[in-house]
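The values are calculated or read from the model by the stated rules, or taken from the named source; none is laboratory data. Bear in mind the structure is a predicted one, so any value in this text is a computation, not a measurement. FYI the Cβ positions are ideal-geometry reconstructions off the backbone, even for glycines, and counts take in every protein chain you see.
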Amino acid sequence: MYQIIDHTADIGIKVEGSSLEELFLSSAEAVFDLMVASKREYIPSIEVPVEVEAPALDQLLVRWLSELLFIFETRRLVLSKFWIDELDEHHVKASAKGLKFEASRHTQKLAVKAVTYHKLSVKQDERGRWHAEVIFDI
């Protein structure tokens, strides 16, 4: 689950999950929902591996989202399905599926330039739920 938050000249998301895996998956879905609208439902057919490491959990989330953004920008893949195979505080190994961006089936919404560290937050509450806040440069 996620919600969009307004930020001066940027945009952000607040994400919540019952597990760290759910937090990362919801974050991935949120960034693509910000960038692209699908005109119709299509079955994603192109699978890509995604693996990143970082010295801390909040940095790992930034690197995860940055890698997905890089895939979108360089391969023009609109990713819509995500699976995590391994995840700890320093490493995520996953797969994502999507389709090539085509104007006939996709509409570009926001041009997300980068994932920032501004107001970055990843924490677990007393009930065990995970929460994150991420700001994107648009």
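Laid out as a table, the results:
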quantity: Residue within region 111-120 that is more than 18 Å from Tyr2 (Cα to Cα) and assigned to a strand (DSSP E or B) present; calculated: yes
quantity: In region 40-55, the residues that are charged (D, E, K, R) and either modelled with pLDDT of 95 or more or in contact with a His (Cβ under 7 Å, 6 or more places away or on another chain) (or both); calculated: Glu47, Glu51, Glu53
quantity: Exclusive hit being among the charged types (D, E, K, R), touching an Asp or Glu at 6+ places or on another chain (Cβ under 7 Å) and touching a residue at least 24 places away in the same chain (Cβ under 8 Å), set Lys81, Lys93; calculated: Lys93
quantity: Selected residue (only one of Asp58, Asp33, Asp6, Asp10 is touching a strand residue (DSSP E or B) at 6+ places or on another chain (Cβ under 6 Å), under 18 Å from Asp137 (Cα atoms) and at pLDDT below 95); calculated: Asp10
quantity: Among the candidates Ser27, Ser80, residue that is under 20 Å from His118 (Cβ atoms) and not hydrophobic (A, V, I, L, M, F, W, C); calculated: Ser27
quantity: Qualifying residue in region 53-63 (condition: in contact (Cβ under 8 Å) with a residue 40 or more places away in the chain, touching a helix residue (DSSP H, G or I) at 6+ places or on another chain (Cβ under 9 Å), assigned to a strand (DSSP E or B) and not hydrophobic (A, V, I, L, M, F, W, C)); calculated: no
quantity: Test: Trp83 is under 13 Å from Phe24 (Cβ atoms), part of a helix (DSSP H, G or I) and either at pLDDT 95 or above or of a type in the set (A, V, I, L, M, F, W, C) (or both); calculated: no
quantity: Single residue of region 86-110 satisfying the filter (of a type in the set (S, T, N, Q), out of contact with any helix residue (DSSP H, G or I) (no Cβ under 8 Å at 6 or more places or on another chain) and in a strand (DSSP E or B)) that is surrounded by the fewest Cβ atoms within 10 Å (Cβ to Cβ); calculated: Thr107
